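Everything on this sheet refers to the single structure shown next.
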Amino acid sequence: MIYLDNNATTRLDPAVVEEMLPFLTEFYANPSSGYRCAAKVRKAIDLARERVAALLGCEPSEIVFTSCGTESNNAALNAAMQFEPRGKCVVTSAVEHSAVLRHCQEAAKRGCEVTFLGVDPDGNVDLGELEAAIAPNTAIVSLMWANNETGVLFPVEKAAEICRQKRIPFHTDAVQAAGKVPIRLRDTAITYLSISAHKFHGPKGVGALYLNRNARFRPSMVGGQQENGRRAGTENVASIVAMGKAAELALQNLAEEETRVRTLRDRFEKTIVESVDGTSVNGAGASRLPNTSNLSFDGIESHAALMLLDRQRICCSAGSACKTGSSDGSHVLRAMHAEDRAQRSLRFSFGRFNTESDLDQALEIVPKVVAKLRGLSVQIPAAV
Ligand code: PLP
């Protein structure tokens, strides 16, 4: 299998599996219990918190473990919207992941005034428009750090600074950014930030929310006093330990991977653009994640392409994994005024375990699949 869908999820790093296994077998005590073996479990959670904080450049006390990136996004938005006494205005963008977009759409149905900032054809958001959209009663601004479909990076640190000056909390969905680009929260005005372990070689079903020490917060999940009263529910210990290890590895490998993965991505993109006529790179003019290549091909239909690629054991996607099967096409490409591209794009996303040989095989197969869909006569190896 040639796995080029690392924005959907990533393979667990073997070192992560090794670190988490004893917490599924031997160290199963409830971390809130009073005996000594529970203290060992508590210590492991503390270490994981330190490691995640190191990846994000913040204090361990500012990290709250959650069940996923979606929960972190919901928790931040819910909290901020509860605190706004003067009204409930939210500013976000039209290209957010559904975990933010749907939350805001539901809030709009309940009477909340939501501004969905548009983007330019490269996927960039305009900070002047952001500033103009903020009202005195804005409860929160939420802008993603990196787009999951195109990899386009938003200037979230500058956006957060604008919000700080207006005394408005700022949340960023950094699920795709963590482990791929450097993050140093202590130098920023970001109030809340969401991440998810399975995007950086940790397990699915565990995430974290950064809560700046001055952030006001009221938990969505109430019950016990876990996570310092900020997220009730017995901790998913093995996954939290695994997320800590994954964060440590992500930080250690960040600089090297950024360069290596960028080189793979750039070679892939350049070769495809040069060898396949009618290819466009979505977000080409914007600053992007080093691992993501979102390409539109004239004369093809994404779902048919995915089927042929799957037969050749190439895994990629037509946008967000959460939207697989939806016939609307990508809301991100539509917001980029690339409506005509929304049904004929493929997202290739590279990662730690991709090799030059994966790339060579993909570079051989992708142009043939596109040619076949365009009705040209090509020889594709028999399906595997
Ligand atoms: N935000 C972004 C930008 C994502 O790409 C994803 C996952 O695809 C999520 C949030 C949701 O994260 P999780 O799968 O951990 O709920």
Q) Counting only pairs 8 or more places apart or on different chains, how many lysine pairs in the chain have C-alpha atoms closer than 18 Å? A) 13
Q | Rough spin-label spacing in nm, given labels placed 7 Å along Cα→Cβ, for residue 379 and residue 228 | A | 6.4 nm
Q: Among 359, 251, 333, determine the one that fluctuates most according to a GNM of the chain built with springs between C-alpha atoms less than 10 Å apart.
A: 359
Q: Take each complete run of DSSP H in the chain, measure how far its Cα atoms stretch along the helix's own axis, and keep only those covering 18 Å or more with mean Kyte-Doolittle hydropathy at least -0.5; list them.
A: 36-56, 69-83, 237-275, 356-373
(Q) Computing the accessible area with a 1.4 Å probe over protein heavy atoms, can you report the carbon and sulfur percentage for the chain? (A) 51 percent
Q | DSSP-defined antiparallel bridges as percent of all bridges, the chain, nearest 5 | A | 55 percent
Q) How big is the antiparallel share of DSSP beta bridges in segment 170-218, given as a percent to the nearest 5? A) 60 percent
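Between residue 301 and residue 135, what is the FRET efficiency for a Förster distance of 51 Å, r being their Cβ-Cβ separation, to the nearest 0.05? Numbers along the way, then the final one.
Numbers: r = 42 Å, r/R0 = 0.83.
Calculated transfer efficiency: 0.75.
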Q.
How large is the convex hull of the C-alpha atoms of the chain per residue, in Å³?
A. 134 Å³
**Q.** Within segment 132-248: Cβ-based charge dipole about Cα centre, in debye rounded to nearest 20 (Lys, Arg +1; Asp, Glu -1)
**A.** 280 debye
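Rounding to the nearest 20 debye, state how big the charge dipole of the chain is about its Cα centre with +1 on each Lys and Arg Cβ and -1 on each Asp and Glu Cβ.
On the way: 44 positive and 44 negative charges, 207 e Å.
I would put it at about 1000 debye.
I'd like the Kirkwood hydrodynamic radius of segment 225-326, using the inverse of the mean 1/r over distinct C-alpha pairs, in Å. Please report the intermediate quantities before stating the final value.
Details: mean 1/r = 0.0580 Å⁻¹.
By the Kirkwood definition, the hydrodynamic radius is 17.3 Å.
The values are calculated or read from the model by the stated rules, or taken from the named source; none is laboratory data. Just so it is clear, the structure is predicted and the values come from calculations on it, not from any experiment. Using ideal geometry, Cβ is built from the backbone for each residue, glycine included, and neighbour counts are taken over all protein chains shown. Heads up: the accessible areas ignore ligands, DNA and RNA and are worked out on the full protein's heavy atoms, side chains in. Shrake-Rupley method; radii C 1.70, N 1.55, O 1.52, S 1.80 Å.
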